Structures are given as structure tokens and as C-alpha cells.
Number of protein chains: 2
Amino acid sequence: MSGKNNRDRVAALAGVSSATVSRVYNSPERVSAVKREAVLRAARELGYSPDKSASALRRKGTGQITLVSFEKKGRTWYWGDFPVAKWFFTDVLSGVLSVVESSMFRLNLKTLKSPEELKDIPWEQISDGVLFYDVDTEEEAAAAAALPVPSIISHHTAAYVNNHRCCTDNRAGGQIAADHLKENSFDRPVYISYLQDLNSPNSQRYKGFCEGFDKEVPLHLTEPGKEGGYAVCETLIPHIKKGAIDSVGVVNDMTAIGVIQCLQNHGLTPGKDLALIGYDNMPFNYALPFRLTTVDLQPSLIYREAMTMLLEILSSGGGKAEFRSKVVLPRLVKGDSV
Amino acid sequence: MSGKNNRDRVAALAGVSSATVSRVYNSPERVSAVKREAVLRAARELGYSPDKSASALRRKGTGQITLVSFEKKGRTWYWGDFPVAKWFFTDVLSGVLSVVESSMFRLNLKTLKSPEELKDIPWEQISDGVLFYDVDTEEEAAAAAALPVPSIISHHTAAYVNNHRCCTDNRAGGQIAADHLKENSFDRPVYISYLQDLNSPNSQRYKGFCEGFDKEVPLHLTEPGKEGGYAVCETLIPHIKKGAIDSVGVVNDMTAIGVIQCLQNHGLTPGKDLALIGYDNMPFNYALPFRLTTVDLQPSLIYREAMTMLLEILSSGGGKAEFRSKVVLPRLVKGDSV
DNA sequence: CTGTTAGCGCCTTCAC
DNA sequence: GTGAAGGCGCTAACAG
């Protein structure tokens, strides 16, 4: 008795104590089937559902999961000057939310300038678990692993074996691009990229592309962004015109934009005079006079899986004894350019 | 005294009662500057920050603010087929978060297919207040007003006087576009749009454009999307070539893309042969060979203000007695096309 | 303006 | 397997 809140009314209606009501929602297996049913029936009748704030307070947790992203201002080699994270991020969010909403947790968003800022945050006070968006450096991975609460990193994270992680497979993506060209009988390809080190996503994409063609595809390195794509394409024009090159794989759509503009300025049409395939499935393809064939990371799917993993980790005590890993494969998005 | 938690330690260190600590975070204006400073200093020293779950519990609310957006699948006339909400929305989020994070509330996201779904949600159980994203129909505004918790709508919402609202001013935006053309000595403008009714954002933009030029600017209506822009531009080409038209205002960047592609196919260059100004400051301008001059809604700013208003409404009891309204003016983003 | 006091709804011992 | 009781950190009266 005592209380006069909904829960006590449920308890009274079900003929049990409020402690039993609590148990029904937290460890149902410890309650006899009869009383459990009675409680659930009473709850339904009274429209009762447990208060998450009170629960979190008493449990001394936060009831929150945080999705962390870094600004990565300096990363011109990757996104160029284009604020593309803006678009990509929304896909990510929808994936994450679809999982969190049906859990005991709520989602919390945080954007940081650098991994160092992680240290200044009282994680235990604001979050029970953290999902890191777009981790792709050792530094970030290490910082994530050092948090005082469980965490998982995505999506270019296959290499970071000391974290829980959910990743894409850039090599597979490169191969998918090559396979598509081969299936359409192109056999004189080149690849345009700007590599960093050998394990970078860009290098992996090229590697996969070569594997798809089963040979060392000629590689043309350039600067990041559409300017780089334009510049390197200039040097290829003569070979394209004489048919020595019939197809081009590009490290990302960003760079492909430059290639396209160069082709157009030389009177060439992608999809007609040259097969062209990008990577990342950027929405700004809308601004092109045709659809660019590209490879999609499926960000929404990756992050849905990542969040699912995080919840599993939390419910199993958050131990780091064994790091979990999962891979989500990219997929081809057919356009008009191949 | 009594308690042994962080907050009581902050109170002790600052030489005040714990209630005063609470006031510093909830209604700082009610605390003398001296004690306020003392509390904040003590809090910093002890690494204290208020527990949002406890706050929500005591306050008998959920501690959550929900940001609701509708899918608006049918709205091809507005966004075309382009998933532009994806990037726009992230700007919105950053604005909203900047305010929520320093409040006692947390942010909650929800995407619904239609206003009808609003009725199926037990709002009191999940949210203390709701911010509606991108409301632009009577139906949505009415549905928002009917919620059992306080709400505010943005951003094409100037016309909905029965809601709390934070809006852009499309007429001012149109005028900004016209002014910019005039300042650069263009005096033979036309305007391209697809109007709906007279109070629609599109109509307002046109109206403002005319006001800027102080005359009825020739209006060319077309279909939505870049296809529409392309088609209507075809009909204008002769007049542009003979100089009867020296500048074009376009209802949005989306449509402007079509205009640009048409101009290019006719050997004309925006910014050289014709002044061109869009609206919305879309990021896909990156895919163009130049920067499109455009008008920016400043979504991040609008939604920062909207959230600030909502918090004020909540702290003042959430009454609807008097509906609050605020306008955030758009701004010109100078590119290479004017 | 400031302090005191009484719970908010829940979970977790601790008995039984 | 179940009930009783204490208290998580905070805020809303109410006094002063």
C-alpha cells in the first residue's frame, strides 16, 4: 500500500506488492507466471508503463545512449570542402533510432571537435553507453576504447581490433564496382584515387577493384575533391578518345564530379563515351544531368546493426573481455553512367 | 545539510542551501549574482552537473523534448525527388541541440508519416514539449495545436496564428534577392516559380521579389524540380540571347539547377551571360561548375530560436493563452552567379 | 532573495 | 517467491 501512484494501483489491482510489479518489468523470470499475468493485465487496464526517469534515478544509471561524432574539419582529403556529413548523418540517425526507440534507453547526440574532448566529459554522468560515428583513425579508436563506459565504433573500423566495432568492407565495395564493369564487358579500366596509407579505406577500395578485374588496374593519383578529379581526367582525355581507356573507377562521388565536368568540357558523355562508377552514393548526384552509378555503404543499415550490438553489450554487463565485430557489405546503385 | 551527494557538497562549498543550487540551474535570474557565481564555481570545482532523471522525476514530467518531423512523401512540388531533408535536417538538429543540451531536458526524435499518427501517441508519457519541424499546412498546424503537451511549429509558419511558432520570412527573402540584383545594376529581371496558393512560401518569395524591384516582375510558372526549371528556361533562351532579360530569380536552388543545365546546353554561362539567384542554399551547389548565389533560410538559427521559445513556454507553465511568434530573417549567400 | 521540508516513482536490500 | 521499507537527486511549496 502506502503510495498512491499508478504503480501502486497496479499492484493493488493485481493483488501483489509494488515490488512484484517492479520485478515483472525487470526480471520477469523471478515472478510466478500467475502473478506476472495478473500484473500485466492490471497494467494494461490502468494504462501503466514504468517511468524511465525514476527507474534511471534509482538504478543510478543515466538511461541514455550517446551517439558521438567528430567534426573532422581538417579532413579535406576525405570529404573535400563539402559538408556532406550533414546528409550522411541523417541516414545514420534513422538507423540508430529504429533500434533505440524500442529499448529502455534514450538517444543522446554529441558532436566533438576532437578525440581529446572525450576526456573532459563525465561519461558516467550522462551516458550508459556510446556509439561512435565515423571513426577512422587509431587515435579515435583508442580514445573510444578508453572511455569509462561501454562503447562501439563504426564504420571504417575493421582494423581496430581493440574495440567493439561494426564496419563496412571497402575492399568488397571496390570489387563490386569492378564486377559491374566487367559484367558490362568493359576491359580497359583505370582507377582514380588519392591513397593515404595501405590500410586506408581508399586503398582498400582500389585493392578490391583490382581483385575484381583480376589484375593490377592502372592507378592515377590526384588531389582530393572535384578539383583533383578534374585535373587527373585532363591527362586521360587523349587515351579515352582513342579508346585505350573504356571505363573509370573513382574513389568517391566527390572526385567523380570533377571527372564528369572535365569529360563534359571535352564533349564526352559518361555512360556513352566512357563507363564511370563512383563510391558513396551521394545525393548531390541530383545536380548532374544523369545518374552516376555508384557504390552505397548503406549507412543506415550499418548503424542499426551497431546500435543493436551496443545494446547487447550493455545487457551482458559491458565487458571488454572479448571484442565483438560485425561487417555490413556495401551494395551497387545502378545509374546511367555504366 | 543532510544529503551526501554532489549537489549538497556544491551547496556546502558555495555556502548556500541545495535549493539555491537548484535555482541556479532552473531560474538563474532569481538568484543573486554573488551566490550564483559562487555556486557555479563550486560546481566546476566538484565536477557537478544536475541529474536530469531526478529532475524529471520530481518535476513529474518526462524530461524529454521531442522533435517531430513528417515524411511528406507526396510533396514533390516542394523538394522534388531529392532527399534534401537529409542535409537540412542536420542543420536543424545542431541548432536544437545547442539549446537543449544546456537545459534540464533531453532531446527525442520522432518521424511520422502523417499528422494523424500524432493521435496514437501518449504524449504526456513520453514528452514534456514538442517542436515540429517544417510545418507548412493547416492540417499539420492544427494537429500540433491539438496535442496535450505544449508545442511550437517551424518554419514556414507565419500564417498559423493559433500556434506558438518560429518562422522564416519568405517575402523578405525574395526582397533580398531582388535587392542584390538591383545593386548590381540588373533591371530586366524575370522570376521562375511554381506557385500554390497566395500564402504559400513560393508566392511570398515572388511577392518580395517584386517589392524589391518595385514593380510586377514577369512571372514564369513551371513544374517543380529541375525538369521544370529546364523546360521554362528553354522558352526564355531567345529573350536572354537578345538581352531582353538580364537576370533571373528562381524560387529555389532545385529549380535553378534545371535552369543552369539549360543555359549551359545553349552555350550560356550564369554569372556572365545572365545573373541568376536561387533560394535555399543547397549544398549540392558543389556539383556545379560555379557557386550559385542564393538566399539562406538559416535553418540552424531558426530552430535554435524555436527551441529557446519552447523552453520559455514550458517554464512559464505552457499556457496557450497567448501564442508567441518569432521571425528569423534569411540572408544572402553570395556566389559567382550574380 | 534564501533556506527548510516533503516527497516524485522506482529498485534493492532484507526479512519472511 | 514475495512484501516492507529506505532512499536515489532533485524541485515545489512555504516561511522567513
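Before moving on, here are some points about what is shown:
- For the set A:Lys242/B:Lys241; A:Lys226/A:Lys272; B:Lys226/B:Lys272; B:Lys226/B:Lys334, the pairs lying more than 26 angstrom apart at their alpha carbons are A:Lys242/B:Lys241.
- The overall shape of region A:89-133, judged from the alpha-carbon gyration tensor, is oblate: a/c is not under 1.5, and a/b is no greater than b/c.
- Only Lys, Arg (+1) and Asp, Glu (-1) charged, at Cβ; the protein assembly as shown dipole about Cα centre in debye: 2520
- With Cα atoms, 0 to 90° folded angle of helix B:33-46 axis to chain B main axis: 90
- Share of carbon and sulfur in the accessible heavy-atom surface of the protein assembly as shown [1.4 Å probe, %]: 51
- Distance between the C-alpha centres of region A:129-150 and region B:202-274: 49 Å, rounded to the whole angstrom.
- Global form of the protein assembly as shown, assessed from the alpha-carbon gyration tensor, a/c cut-off 1.5: oblate
- Top of B:Ala145, B:Ala178, B:Ala14 by mean-square fluctuation, Gaussian network on chain B, Cα under 10 Å: B:Ala14
- Nm distances between copies for A:Lys113, ranked from closest, using label points 7 Å along Cα→Cβ: 4.5
- Here the spin labels are modelled as points 7 Å beyond Cα on the Cα-Cβ line, and at B:Glu101 and B:Arg58 they lie 2.5 nm apart.
- Buried area at the A:B interface is about 3100 square angstrom, summed over both chains, from accessible surfaces computed with a 1.4 angstrom probe.
- Farthest towards the positive end of the charge dipole of chain B, among the residues B:Phe209, B:Gln264, B:Leu301, is the Cα of B:Leu301, using unit charges on the Cβ of Lys, Arg, Asp and Glu.
- Ranked by the mean number of other Cβ atoms within 10 Å of their residues, highest first, the peptides A:234-246, B:228-240 fall in the order B:228-240, A:234-246.
- Per-residue average of Cβ from other chains inside 10 Å of B:51-64: 5
- What separates the Cα centres of region A:48-70 and region A:167-189 is a distance of 44 Å.
- Only Cα pairs under 8 Å and 6+ residues apart enter the sum, and on that basis the relative contact order of chain A stands at 17 percent.
- Relative contact order [Cα under 8 Å, 6+ residues apart], region B:4-50, whole percent: 43
- Within a Gaussian network of chain B (alpha carbon springs, distance under 10 Å), most fluctuating of B:Ser27, B:Ser103, B:Ser325: B:Ser27
- Computed over the protein assembly as shown, the per-residue total of -39500 (n - 2.57) for DSSP H runs of n ≥ 4 gives a 222 nm mean residue ellipticity of -13000 deg cm²/dmol, rounded to 500.
- The slack between B:Ala146 and B:Gln125, meaning 0.36 nm per residue of separation minus the straight C-alpha distance, is 6.0 nm.
- Out-of-range pairs (alpha-carbon distance over 21 Å; input A:Lys110/B:Lys35; A:Lys182/A:Lys215; A:Lys52/A:Lys119; A:Lys110/B:Lys113; B:Lys52/B:Lys326): A:Lys110/B:Lys35; A:Lys52/A:Lys119; A:Lys110/B:Lys113; B:Lys52/B:Lys326
- Inter-copy separations for A:Ala19, label at 7 Å along Cα-Cβ, nm, ascending: 3.5
- Radius 9 Å from Cβ of B:Ser154, net charge of other residues (Lys, Arg +1; Asp, Glu -1): -1
- With the convex hull constructed from alpha-carbon coordinates only, region A:170-296 shows a mean projected area of 6.7 nm² over all directions.
- Inter-copy separations for B:Ala244, label at 7 Å along Cα-Cβ, nm, ascending: 5.1
- Gyration tensor verdict on region B:171-242 (Cα atoms; rounded if a/c is under 1.5, prolate if a/b is larger than b/c, oblate otherwise): oblate
- Modelled spin-label separation between B:Asp8 and B:Glu37, with each label point placed 7 Å from Cα along the Cα-to-Cβ direction: 2.9 nm.
- Placing +1 on the Cβ of every Lys and Arg and -1 on the Cβ of every Asp and Glu, with no other charges, gives chain B a dipole of roughly 1460 debye about its Cα centre.
- Residues considered: B:Arg171, B:Arg41, B:Arg188. Largest GNM mean-square fluctuation over chain B, using C-alpha springs under 10 Å, is found at B:Arg41.
The values are calculated or read from the model by the stated rules, or taken from the named source; none is laboratory data. Because the structure is a prediction, the values reported are computed rather than measured. Using ideal geometry, Cβ is built from the backbone for each residue, glycine included, and neighbour counts are taken over all protein chains shown. The area values use the complete protein model at the heavy-atom level, side chains included, leaving out ligands, DNA and RNA. Shrake-Rupley method; radii C 1.70, N 1.55, O 1.52, S 1.80 Å.
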